1. Just to be sure, is Pro129 on the phi < 0 side of the Ramachandran plot, surrounded by fewer than 21 Cβ atoms within 10 Å (Cβ to Cβ) and not basic (Lys, Arg)?
2. Which residues, taken from region 191-217, are without any contact (Cβ under 8 Å) to a residue 12 or more places away in the chain and in a loop (DSSP other than H, G, I, E, B)?
3. Quick check, is Ala85 surrounded by fewer than 17 Cβ atoms within 10 Å (Cβ to Cβ), in contact (Cβ under 8 Å) with a residue 40 or more places away in the chain and out of contact with any helix residue (DSSP H, G or I) (no Cβ under 7 Å at 6 or more places or on another chain)?
4. Checking the conditions here, which among Glu195, Glu167 is over 21 Å from Arg40 (Cα atoms) and among the acidic types (Asp, Glu)?
5. Can you say whether Thr151 is among the β-branched types (Val, Ile, Thr), over 14 Å from Pro48 (Cα atoms), without any contact (Cβ under 8 Å) to a residue 24 or more places away in the chain and not in a strand (DSSP E or B), as far as the supplied structure shows?
6. Are there any pairs with C-beta distances below 7 angstrom linking a residue in region 54-70 that is within 19 Å of Val170 (Cα to Cα) to a residue that is surrounded by 17 or more Cβ atoms within 10 Å (Cβ to Cβ) and charged (D, E, K, R), with the two at least 6 apart or on different chains, and if so which?
7. Can you tell me which residues in region 155-174 are under 16 Å from Thr205 (Cα atoms) and out of contact with any Cys (no Cβ under 8 Å at 6 or more places or on another chain)?
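The values are calculated or read from the model by the stated rules, or taken from the named source; none is laboratory data. Treat the numbers as computed from the prediction; the structure is a model and nothing was measured. Glycine gets a Cβ as well: all are built from the backbone with ideal geometry, and neighbour counts include every protein chain shown.
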Amino acid sequence: MWGAVVIIATAASTLVPHTGSSGADNAADNAAADQRRKKRSEWVYTFPVSGPNVFYPRDHLGYPAADLTGCRQLVRAPISGVIHAVRDIDKWDAKVDEPGTRGGLTITLHGDDFVRYYFSHLGRLIVKPGQRVASGQKIGTVGTSGNARVTLCHLHFGVSRICPMSEQNVRRGEIWPQRYLDAWKQGVNLSPNREVQRITKKAPTACIEAAAAQRRGGDS
C-alpha cells in the first residue's frame, strides 16, 4: 500500500508548483507541464560544474552524495526539468549547527528523468521556483554558504527519488552520483533513472520515514 502511495504522489510532485488555482486550472497546468517534459530519448545530461580540474571524492560522510570543488564556478542543470525549490537565505549558525540549515543556499531540481537533484552550499542563485531549465543551463555558482563557511568552498550534489512531502534525509542524497558524474564529464549520456527506480522499489516508504523523522526533530 505504502509503495503505491509513494509512487503516485511522487509522479504528481514533479509538476510545476502552483497555488490558489481551481481543479480545472490545475489539470490544465499539469497537462501543459507533461507536454513540456522531455521524453527518455531526449534526455541529455551535463556535468554540473563548469571549469577545469573539478574534483570530487569517491565517498561522502554518512550518506551517498558528492562534494565537488570549483569554487565560484558556474553550476549547471544536469538535465532539463523544473526548479522545485530554492532556499535563498543562508540561516546556518555555527553555534547552533541545525542540520536542516547546513546546506546554506540550495536548489532542488525535478528532472525530466523523474529524478531529483539537490545542490547546496551555493554562492549565488540564478533561478526561481517553478522555472523550467534546459540541460546545461546556468542555475547558480559554487560557494561557501551553510557550514561550507568553516570547511572548503564546494558544491554538495545529491541524487534521489522525488518525494511528495517536505523532507531532507532523502533529498540530500540517496544513490552514489560519482559514476554518473564520471560519465557526464566524458560526454556519456548515462541516466540515474533506473537506479533511482530500483531503490524506490526496495525502500518504498523512505520518503514517509524521512518526513516523520524531520517532524520529530531528528536528522533533517
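1. yes
2. Passing the criteria: Ala203, Arg216, Gly217.
3. Values: surrounded by fewer than 17 Cβ atoms within 10 Å (Cβ to Cβ): yes; in contact (Cβ under 8 Å) with a residue 40 or more places away in the chain: yes; out of contact with any helix residue (DSSP H, G or I) (no Cβ under 7 Å at 6 or more places or on another chain): yes.
Taking the combined requirement at face value, the residue satisfies it.
4. Glu167
5. For Thr151, the condition - among the β-branched types (Val, Ile, Thr), over 14 Å from Pro48 (Cα atoms), without any contact (Cβ under 8 Å) to a residue 24 or more places away in the chain and not in a strand (DSSP E or B) - is met.
6. Note: pairs meeting the criteria are His60/Asp67; Tyr63/Arg172; Pro64/Glu174; Ala65/Arg172.
7. Ser160, Ile162, Ser166, Gln168, Asn169, Gly173, Glu174, listed by residue number.
Residue-wise test of (1) within 16 Å of Val49 (Cα to Cα); (2) at pLDDT below 95; (3) of a type in the set (Gly, Ala, Ser).
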residue: Gln137; (1), (2), (3): yes, no, no
residue: His156; (1), (2), (3): yes, no, no
residue: Ser160; (1), (2), (3): no, no, yes
residue: Cys163; (1), (2), (3): no, no, no
residue: Arg171; (1), (2), (3): no, no, no
residue: Ser191; (1), (2), (3): no, no, yes
residue: Thr205; (1), (2), (3): no, no, no
residue: Ser220; (1), (2), (3): no, yes, yes
